[in-house]
1. Along Cα→Cβ, 7 Å out, is where each label goes; now give me the distance between the ones at B:L68 and B:S18 in nm to one decimal.
2. For an R0 of 30 angstrom, estimate the FRET efficiency from the Cβ-Cβ distance between A:Q8 and A:Y54 and round to the nearest 0.05.
3. How about the range A:1-98: which chymotrypsin sites (Phe, Trp or Tyr not before Pro) there are in a DSSP loop, with at most 12 other Cβ atoms within 10 Å of their Cβ?
4. Give the value in nm², to one decimal: projected area of the alpha carbon convex hull of the range A:36-114, averaged over all directions.
5. Report the dimensions of the protein assembly as shown along its three principal axes from the alpha-carbon atoms, largest first, rounded to Å.
6. Using θ = phi - 60° and the Karplus relation 6.51 cos²θ - 1.76 cosθ + 1.60, list the HN-Hα couplings for the range B:47-54 in order, rounded to whole Hz, with x at every Gly or Pro.
7. Which residues of the range A:72-114 show a drop of at least 50 Å² in accessible area when all protein chains are present, compared with their chain alone (probe radius 1.4 Å, heavy atoms only, ligands and nucleic acids excluded)?
8. May I ask for the percentage of alpha-carbon pairs in chain B that lie more than 22 Å from each other?
Amino acid sequence: AQTVTQSQPEMSVQEAETVTLSCTYDTSESDYYLFWYKQPPSRQMILVIRQEAYKQQNATENRFSVNFQKAAKSFSLKISDSQLGDAAMYFCAYSRVQGGKLIFGQGTELSVKP
Amino acid sequence: GAVVSQHPSWVICKSGTSVKIECRSLDFQATTMFWYRQFPKQSLMLMATSNEGSKATYEQGVEKDKFLINHASLTLSTLTVTSAHPEDSSFYICSVRAYSNQPQHFGDGTRLSIL
């Protein structure tokens, strides 16, 4: 069975600084998808970034980028130039290519200090 | 604009009543919809996968007679919490997906409080 682990329950960053959130996963599949979702206090789930496992190039979306290490089964999220609006719960998630149900990590609560 | 509409956003009801939550896909026909449950400060737990025109697939430990799911059309799935009790109080979120290689789009969730 696939599992996703986020070992940092809470993280804090100074505004304008950079922070990295960790995520590891376990799977026997060779192709799959990985995601980072943001859940602000409103509890809306917002897709931050998506990585396809067969792509070696790390995905980027503006200030958000990932470090995808397939062999190590690691998928960290880097947030550059942190903003107050980045404060939220961040979930790492995995899905198979077929079937596609999301398996979420435990979440990391990110606070941003002004 | 919103891709998914989930209604109601917040419901409070007495113990023993049944509550229906609707999830509508606004932008595309969703062959698959998912229902999640989330307790405070915890992750999302998948309850069931709903496929249009067929019975929902429930995750282990989820009572199918307690949580009735109907996916009668390609744009609407409903979750009915039958004979709700205080322990059913939680945040319920749906998501929709057009095809298996597409990401899921989430509704805004429903906060259910059973008194």
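The values are calculated or read from the model by the stated rules, or taken from the named source; none is laboratory data. Everything quoted here is computed from the prediction, not taken from an experiment. Note: ideal-geometry Cβ built from the backbone for every residue, glycine included; neighbour counts use all protein chains shown. All accessible areas refer to the heavy atoms of the entire protein, side chains included, with ligands and DNA or RNA removed. Shrake-Rupley method; radii C 1.70, N 1.55, O 1.52, S 1.80 Å.
1. Spacing of the two 7 Å Cα→Cβ label points: 0.3 nm.
2. 0.65
3. A:Y54
4. If I average the Cα hull's projected area over directions, I get 5.8 nm².
5. In descending order, the Cα extents are 49, 39, 33 Å.
6. Per-residue couplings from phi come out as 9, 6, 10, 10, 10, 4, x, 9 Hz.
7. Buried on complex formation: A:K101, A:L102, A:F104.
8. Beyond 22 Å sits 26 percent of the P(r) for chain B.
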